Every structure is written in C-alpha cells, then in structure tokens.
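Trainee: The structure follows.
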Amino acid sequence: MASDVNPFESLQSQIDEAAAHLDIEGDVIERLKHPERVLETNLTVEQDDGSLERFKAFRSQFNGDRGPYKGGIRYHPNVSRDEVKALSGWMTYKTAIVDIPLGGGKGGIIIDPAEYSESELERLTRAFATELRPLIGEDRDVPAPDVNTGQREMNWIKDTYEELENTTEPGVITGKNLASGGSEGRVEATGRSTVIAAREAFDYLGKDLEGATVAVQGYGNAGWIAAHLIDEMGATVVAASDSSGGIYNPDGFDPVAAKHHKNETGSVVGYEESEEEITNEDVLTLDVDLLIPAALENAIDGDLAHDVKADVISEAANGPLTPEADRVLEDEDVFVIPDILANAGGVTVSYFEWVQNRQRFYWSEERVNNELETIIVDAFDALVESYEEHDLDNPRTAAYVVAIERVANAFEEAGSFP
C-alpha cells in the first residue's frame with residue numbers, strides 16, 4: 001500500500017493536470033491549490049480514571065468562494081495536517097462538480113476511538129466543538145461525519161455549540177440523527193451516489209450492469225450500502241473486505257447477510273457464503289467488471305495498479321488512487337469515476353439536510369433520493385461533456401476541469417478583497 005504518498009501533494013497534482021486544460025491565470029490556480037486557513041489545536045481531556053490526555057486536532061477551511069465551508073470530521077490514528085488539507089480540497093471540488101452552493105472543509109483528531117470509552121469520546125468531541133465554536137456556523141462552516149464518526153458525535157457537537165451560543169441552530173452540522181434534525185437518506189447517500197455513478201458509467205461505455213461482477217474493498221457504511229444497492233440493480237457482488245481481510249465467491253453472495261455477519265463478529269471474514277478468504281490486496285486486483293474502493297486514501301499505488309483488472313472503478317473512498325496509479329490505469333483503459341463525483345452523495349444529502357434545517361421543513365426519503373439521483377446524473381453528464389469536449393485522457397481530469405472552472409468563476413466574479 002502507498003501510505004507514504006502525501007495526499008495533499010496528490011491533490012495539487014490533480015489540480016495542475018486539470019488546470020493545463022483551462023484558460024485561468026496561474027496566480028488564480030495557485031490560490032486554488034492551498035487552504036485559506038488551518039486550525040491546529042491540542043485538546044486536553046480528562047479520562048475515566050481521572051488522568052489527563054492530550055489529543056492533536058485539525059480543521060482545514062480550504063475554499064469558501066461558492067458558499068460555507070463543508071466537510072467531515074474523522075477520528076483516526078493516521079490523521080495529519082496534510083491529510084486534512086487534502087480532504088478539504090477534495091471537498092471543495094466535490095461540492096463544485098455536483099454544483100451545490102458550498103465550499104470545502106475537513107477536520108480530524110489523531111485517535112483510535114476503539115481504545116476509549118463512550119464518555120471519554122464525548123468529552124473529547126465536546127472539547128473539539130468548543131475549539132471549533134468561533135469557526136463554525138450554518139453560514140460559516142458546517143461539519144459532518146467521516147471515518148469513525150457518526151450521528152452520535154454530530155449530535156454532541158450540535159448540542160455543545162447550541163449550549164455555548166445559547167441558540168437553536170441545527171444547521172450548524174449535518175449527519176445528525178432524525179430526532180436532532182437529520183435528513184432521511186443521509187446514511188445511505190455515499191453508497192447510493194457511488195452506484196448511481198457506476199450505473200451511468202456502464203451506460204456511457206455500453207456495458208450491461210445486469211450480471212456484472214463487483215468487488216468492494218472496505219465494508220463500512222459506504223461500502224456495504226454500495227454493495228447492497230448494486231446487488232439490487234442486478235449486479236453480482238463476488239468479493240468484499242474490511243481491515244481484517246476479505247471474502248470471495250465467484251458465484252456471488254448476499255451483501256446484506258455479509259453485513260449482518262460483520263455486525264455480529266466484527267469482520268466479513270468467516271462469512272458462510274464465502275468460498276475463499278482473501279486479502280485486501282486480492283480484492284483490489286480481482287478480475288471483475290466493477291471495483292469499488294471504499295476504505296481510506298492511497299489504497300492503490302502505481303505498483304499495485306499494474307495488477308488491477310477491473311474495467312470500471314467507482315471511488316467510494318476519498319483519494320483511493322495515487323496519481324501514479326491513475327497514470328497506469330489510464331494506459332490500461334480503466335474507466336475511473338473520481339471520488340469527487342462518485343462519493344459526493346454524502347455531501348449532497350448533507351446539503352439537503354442543511355437546507356431542511358434552515359427552512360424547518362423536512363423531506364421524505366423518496367424526495368431526498370430523487371433529488372440526489374438528479375444531481376449525480378447531471379454531474380456525470382457534465383463530466384462526460386468535459387471529457388469529450390477537451391479530448392481528455394481520463395474522467396478525473398474531466399471532473400476537475402468542471403469543478404475548478406466553477407470555483408474560479410465564483411472567485412473572479414466576487415473580485416479580490418482587500
């Protein structure tokens with residue numbers, strides 16, 4: 001795995017590649033390659049035994065030209081300043097490619113949450129919310145869940161902010177549970193957009209999704225939902241993996257039952273319908289029609305890319321391919337649906353949640369899913385138009401051409417201040 005590849009450098013490389021096809025001044029492009037500000041803070045939190053422990057945390061606000069900063073908060077041992085900067089940049093161009101009026105942000109705390117109690121995590125989350133208080137707000141910066149965070153943490157942040165501000169402001173954060181102002185369809189949104197984008201790509205390429213073989217690397221929320229929905233579309237899920245390993249059955253298996261097994265045992269490994277236990281790397285290199293990487297960034301580097309046999313890749317994770325892997329797969333004519341489009345369902349339905357919070361008027365799940373479908377299909381059409389109009393080598397560059405042009409236009413229309 002390419003864990004040593006700097007994700008922020010990968011982002012900047014992707015921007016440079018797309019900028020070569022745009023008539024935008026170099027100084028503007030340079031501005032669009034760096035975050036506007038990054039908060040780095042140390043959180044000192046009392047543990048259950050009375051001791052104090054320090055945690056390093058970050059919040060990057062990359063670009064707000066098109067609206068309030070928007071992006072998740074992750075809890076993971078590998079969180080770093082550069083990772084958060086990269087993720088906030090990817091979010092900037094993700095909101096732009098799907099054309100919703102938000103910017104890009106990202107946050108994270110260096111922690112393995114599995115090693116801490118719920119009360120310790122609550123105190124940590126509320127401490128971070130207190131530090132974020134001057135930066136966030138429904139018109140400023142709207143966080144959301146990410147790796148190892150969910151409705152519980154978002155509810156804690158909302159409650160802390162509202163207590164400190166002496167107000168009611170559910171739109172300060174998204175990804176909440178329904179009782180706290182969350183949206184129908186939010187939990188399934190990232191996996192749903194991943195498969196909608198895959199369906200559109202198969203149609204564009206003249207391929208039949210019915211009976212297509214699918215491998216899913218990463219069986220968390222996005223991965224298993226994608227597996228479930230692509231199975232409902234008629235495809236055959238033949239492999240899945242999580243951090244403990246993978247499972248494989250060439251005839252396919254029930255992705256929902258596999259998820260139940262993971263819930264009961266902690267891993268997909270050992271699932272009864274599996275004919276063979278395989279590694280995460282094996283899942284990424286299976287000869288399948290569709291590969292869905294749904295774990296962390298840099299899952300496929302330049303070396304591993306030579307062994308990838310999938311015809312189409314739909315990126316449910318952020319940054320799962322390094323720039324070198326992109327170049328290898330481009331030479332192999334693998335159609336890669338970039339993360340900024342494929343997994344944009346999460347931020348799109350977060351946008352819907354934000355809109356509902358501000359209006360105090362809530363939508364049905366059917367409306368949420370229909371609106372999401374329209375936005376992802378329109379975004380894919382914009383990608384294809386860019387791909388063909390500029391005669392580009394890969395869909396990722398096409399997506400960035402569309403997104404960068406939209407952000408640059410917003411900046412230039414507003415003018416430079418001061």
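Trainee: Hey, any idea what Rg/Rh is for the stretch 204-287, computing Rh the Kirkwood way over Cα pairs?
Mentor: Here Rg/Rh amounts to 0.95.
Trainee: Which of the listed residues, V402, S364, L392, is farthest toward the dipole's positive end in the stretch 360-407, when Lys, Arg count +1 and Asp, Glu count -1 at the beta-carbon?
Mentor: Towards the positive end, the residue furthest out is S364.
Trainee: Sticking with this one: If you bin the C-alpha pair distances of the stretch 105-254 every 5 Å from 0, what whole percents do you get?
Mentor: The calculated distribution, bin by bin, is 2, 8, 15, 16, 14, 13, 11, 9, 7, 4, 1, 0.
Trainee: Relative contact order of the stretch 1-91, please, whole-number percent, based on alpha carbon pairs below 8 angstrom and at least 6 residues apart.
Mentor: Computed over the stretch 1-91, the figure is 33 percent.
Trainee: Quick one: of the DSSP bridges fully inside the chain, what percent are antiparallel, nearest 5?
Mentor: Antiparallel: roughly 50 percent of the beta bridges in the chain.
Trainee: Sticking with this one: Keeping the other protein chains in place, figure out the carbon and sulfur percent of the accessible area of the chain, with a 1.4 Å probe. Working shown, then result.
Mentor: Working: 6780 of 16550 Å².
Carbon and sulfur together cover 41 percent of it.
Trainee: Lys and Arg at +1, Asp and Glu at -1: add these up for the other residues within a Cβ distance under 10 Å of G181 and post the number.
Mentor: My count for the surroundings of G181 gives +1.
Trainee: Per residue of the chain, what 222 nm ellipticity follows from adding -39500 (n - 2.57) for every DSSP H run with n ≥ 4, rounded to the nearest 500?
Mentor: -14000 deg cm²/dmol
Trainee: Also, I was wondering about something else. Of K33/K207; K56/K94; K158/K259; K70/K262; K56/K85, which sit over 25 Å apart, Cα to Cα?
Mentor: Those over the limit are K33/K207; K56/K94; K158/K259; K70/K262.
Trainee: Now for a separate question. Near the amide H of N318, under 5 Å away, which other amide H atoms are found, from residues 5 or more places off or on another chain, if H is placed in the peptide plane?
Mentor: The list, which skips near neighbours in sequence, is empty: none.
Trainee: Right, here's the next one. In sequence order, what are the phi-derived ³J(HN,Hα) couplings for the stretch 358-369 according to the Karplus relation 6.51 cos²θ - 1.76 cosθ + 1.60 with θ = phi - 60°, rounded to whole Hz, with x for glycine and proline?
Mentor: Once θ is set to phi - 60°, the couplings for the stretch 358-369 become 6, 8, 6, 9, 10, 9, 6, 4, 4, 5, 4, 5 Hz.
Trainee: Taking the structure as given and computing volume of the Cα convex hull per residue in Å³, which label from (i) 209; (ii) 137; (iii) 157 fits?
Mentor: Calculated volume of the Cα convex hull per residue in Å³: the matching label is (ii).
Trainee: Using only the alpha-carbon atoms of the stretch 1-89 as identical scatterers, what base-10 log of I(q)/I(0) does the Debye formula give at q = 0.12, 0.13, 0.16 Å⁻¹?
Mentor: -0.48, -0.55, -0.76
Trainee: Shifting gears a bit: Starting from the Cα gyration tensor of the stretch 56-194, take the square roots of the eigenvalues, sort them a ≥ b ≥ c, and report rounded, prolate or oblate (rounded when a/c is under 1.5, otherwise prolate if a/b is larger than b/c, else oblate). Before the final figure, lay out each step's value.
Mentor: Values: a/c = 1.33, a/b = 1.17, b/c = 1.13.
Taking the square roots of the gyration eigenvalues as a ≥ b ≥ c, the stretch 56-194 is rounded.
Trainee: Turning to a different aspect of this structure: Once you put a point 7 Å from the Cα of A414 and another 7 Å from the Cα of L39, both along the Cβ direction, what distance in nm separates them?
Mentor: 1.9 nm
Trainee: Ordered by packing density, taken as the mean number of other Cβ atoms within 10 Å over each peptide's residues, highest first, how do 26-32, 371-377, 86-92, 311-317 rank?
Mentor: 86-92, 311-317, 371-377, 26-32
Trainee: Restricting things to alpha carbons, find the Rg to Rh ratio for the stretch 265-379 using the Kirkwood radius for Rh.
Mentor: Numbers: Rg = 17.6 Å, Rh = 16.3 Å.
The Rg/Rh ratio comes out at 1.08.
Trainee: Here is a follow-up. For a Förster distance of 30 Å, can you work out the FRET efficiency between the beta-carbons of L178 and E115, rounded to the nearest 0.05?
Mentor: On the way: r = 30 Å, r/R0 = 0.99.
E between L178 and E115, to the nearest 0.05, is 0.50.
Trainee: About the Cα centre of the chain, what is the dipole size in debye to 20, counting +1 per Lys and Arg Cβ and -1 per Asp and Glu Cβ, all else neutral?
Mentor: The dipole magnitude comes to about 1860 debye.
Trainee: Then there's this: Quick one: net charge around E371, please, counting Lys, Arg +1 and Asp, Glu -1 for every other residue with C-beta under 13 Å from its C-beta.
Mentor: So the surrounding residues net to -4.
Trainee: Size of the dipole of the stretch 169-298 about the Cα centre, Lys and Arg at +1 and Asp and Glu at -1 on the beta carbon, nothing else charged, in debye to 20?
Mentor: Working: 7 positive and 23 negative charges, 134 e Å.
I would put it at about 640 debye.
Trainee: Considering Cα pairs under 8 angstrom that are at least six residues apart, work out the relative contact order of the chain and quote it in whole percent.
Mentor: On the way: 902 pairs, mean separation 72.8, N = 418.
Relative contact order, the chain: 17 percent.
Trainee: In Å², and per residue, what accessible area does the chain have when probed at 1.4 Å with the other protein chains present?
Mentor: 40 Å²
Trainee: Right, another one. Give, rounded to the nearest 20 debye, the magnitude of the charge dipole that the stretch 280-418 has about its Cα centre when Lys and Arg contribute +1 at Cβ and Asp and Glu contribute -1 at Cβ.
Mentor: 980 debye
Trainee: Then there is this: Any idea how far the Cα center of the stretch 232-284 sits from the one of the stretch 371-410, in Å?
Mentor: Between the Cα centre of the stretch 232-284 and that of the stretch 371-410, the gap is 33 Å.
Trainee: A follow-up question, please. Can you tell which of Q217, V187, G150 lies farthest toward the positive end of the dipole of the stretch 131-226, using +1 and -1 charges on the Cβ of basic and acidic side chains (Lys, Arg; Asp, Glu)?
Mentor: So the residue furthest toward the plus end is Q217.
The values are calculated or read from the model by the stated rules, or taken from the named source; none is laboratory data. Just so you know, these numbers come straight off a predicted model, no measurement behind them. Reconstructed Cβ throughout: ideal geometry from the backbone, glycine too, with neighbour counts over all protein chains shown. Heads up: the accessible areas ignore ligands, DNA and RNA and are worked out on the full protein's heavy atoms, side chains in. Shrake-Rupley method; radii C 1.70, N 1.55, O 1.52, S 1.80 Å.
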